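The values are calculated or read from the model by the stated rules, or taken from the named source; none is laboratory data. Treat the numbers as computed from the prediction; the structure is a model and nothing was measured. So basically every Cβ, Gly included, is an ideal-geometry build from the backbone, and we count neighbours across all protein chains shown. Calculation scope for accessible area: heavy atoms of the full protein, side chains included, ligands and nucleic acids excluded. Shrake-Rupley method; radii C 1.70, N 1.55, O 1.52, S 1.80 Å.
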Amino acid sequence: MLLLHCPLLLLLLPLGSKPQKLPTRDEELFQMQIRDKAFFHDSSVIPDGAEISSYLFRDTPKRYFFVVEEDNTPLAVTVTPCDAPLEWKLSVQELPEEASGEGSGEPEPLEQQKQQITNEEGTELFSYKGNDVEYFVSSSSPSGLYQLDLLSTEKDTHFKVYATTTPESDQPYPELPYDPRIDVTSLGRTTVTLAWKPSPTASLLKQPIQYCIVINKEHNFKSLCAVEAKLSSDAAFMMAPKPGLDFSPFDFAHFGFASDNNAGKERGFLKSPSKFGRQTSSKPRVDLHKVCIGNKNIFTVSDLKPDTQYYFDMFAVNTNTNMSTAYVGTFARTKEEAKQKTVELKDGKVTDVFIKRKGAKFLRFAPVSSHQKVTFSVHSCLDAVQIQVRRDGKLLLSQNVEGVRQFQLRGKAKAKYLIRLKGNKKGASMLKILATTRPNKQSFPSLPEDTRIKAFDKLRTCSSVTVAWLGTQERNKFCIYKREVDDNYNEEQKKREQNQCLGPDTRKKLEKVLCKYFHSQNIQKAVTTETIRGLQPGKSYLLDVYVIGHGGHSVKYQSKLVKTRKFC
């Protein structure tokens, strides 16, 4: 069991006690202690089954402890960086003999126990560096004293930690639906209507869930903690603790959640769900807004600026635990003013385009110099879109685009090109488009006609699979990633994955297999193979290959579902 004791708390034990044993979790006592905010104030304790929030000063490491007394205990540890990447590692060391309760005779002096615990490094179990929400999960952990070491090398930052020895029953984070995307169902000049599927935690488990929407003009966020840290930079919703001190990890009011004494007064939340121009904090940010709307799964964001791109994130928050899970964020550009009927494309610059369901978008390209050829490169992020290109009113091109396509047209002096992009009937479309008169100005990597990944069934083993894919005559960087999925994962679920324009920088570090450069002057021989090892028997994996062009833009090949042999 995970304990509430560490060297700090050992000092509270009476010197004249019998041989000392770090007690197992008493649920009634535990609940009483987490209600008492002073209990964990300025401590290095990670309680079992509760999320703590804390603060790191730059280049100043911090260490936390917890104890697992019994072997074969399930264990899950989740670390959420907020406003800066973290370096963290989890290690374990054997408990002191007297602390484990197996010894006899006189107890060791407390200072000797403390030194024995804190001076040993222990065995490293897991380490990570980055700003993703990362976790360590084990179904059978050994007994011992566990140490969690954290470091921020960029700046002072906030973070959250959650640890539990009962991960199957706790489930404090809301579960995402089978399709975790946010749909843009309506788009106006000053409004955007969003819809999403409810969390199974609310619809099936009947737990209290509320949804919080975040709107900004910069980028999508990976966690609600990151949002609140961004808000704090201007709104001062959390003051950094003084050096050497820490704030109470259970003072949830600091993070925009109401405490028991301040229900309904969430700091940083908006008072009106239909407007988000006014913040409750004293110094609001004008470019980042958060609003919580209860358990509704449709919402219209208003008071937006015309012809402006916004990023939308949705977080499901369990109001019992104050813990949240992020949906797959999206972005949309509000409609232009009536006088602005087209979007101007700049030569050699990639432009993001959003098209609502059954909608259309017009773009204009007017090269400033004479040209012999003009190239249009289109990368459709979700479903297929239709592109039409007219030069001075004459139709030159009409094609459906799925994935990445490149079209080269004959140029003409002082010509103007009108591009019409039409979405499909299934849902909203997102794409990236590049127009250029310079053949060497290509941000998109070249692709073969066939972007499938082939798996060799006869080369499958219990711990590896061998795959191959086609390349081109252009030297590009290829990165392959793997992710374990459930056995019932199918092709339909692959289509519901997040948009194809997201590159490998959105993937977890542990999912990366390798990166390599590859090309062949003989197009017939432009094929490469790779054996992916270290897999589990009888498990299904989703494989993704990204090709990264010279301009840094990445394109994902068609995902491949593979399964290792169960018996070898």
If segment 343-436 were replaced by its equivalent ellipsoid, with semi-axes equal to the square roots of 5 times the Cα gyration tensor eigenvalues, what would those be, largest first, whole Å?
23, 12, 11
Could you tell me what percent of the accessible area of segment 343-436 is made up of carbon and sulfur, with a 1.4 Å probe and every protein chain present?
44
Which entries of 217/296; 482/539; 129/516; 349/394 show an alpha-carbon separation above 19 angstrom in the structure shown?
217/296; 129/516; 349/394
Quote the accessible area belonging to residue 168 in square angstrom, nearest 10, computed with a 1.4 Å probe and with ligands, DNA and RNA left uncounted.
150
Choose one of 559, 523, 540: the residue whose Cα lies farthest towards the positive end of the charge dipole of segment 518-568 (beta-carbon charges +1 Lys, Arg; -1 Asp, Glu; about the Cα centre).
540
On the full set of protein chains, 1.4 Å probe, figure out the accessible area of residue 82 and give it in Å² to the nearest 10.
10
Mind checking the dipole of segment 411-568: about its Cα centre, +1 per Lys or Arg Cβ, -1 per Asp or Glu Cβ, Debye to the nearest 20?
500
Looking only at Cα atoms, what is the convex hull volume of segment 453-563 per residue, in Å³?
104
Where 222, 349 fall by accessible area, highest first, once all protein chains stay in place (1.4 Å)
349, 222
Work out how much length residue 206 to residue 137 would gain on full extension: take 0.36 nm times their residue separation and subtract the Cα-Cα distance, in nm to one decimal.
22.3 nm
Solvent-accessible area per residue for segment 453-563 (1.4 angstrom probe, square angstrom):
54
For segment 453-563, the accessible surface attributable to carbon and sulfur atoms (probe 1.4 angstrom, ligands and nucleic acids excluded) amounts in percent to 45
What FRET efficiency comes out for the pair residue 414/residue 349, r = Cβ-Cβ distance, R0 = 22 Å, nearest 0.05?
0.60
Leaving ligands, DNA and RNA out of it, rank 231, 395 by accessible area with a 1.4 Å probe, largest first.
395, 231
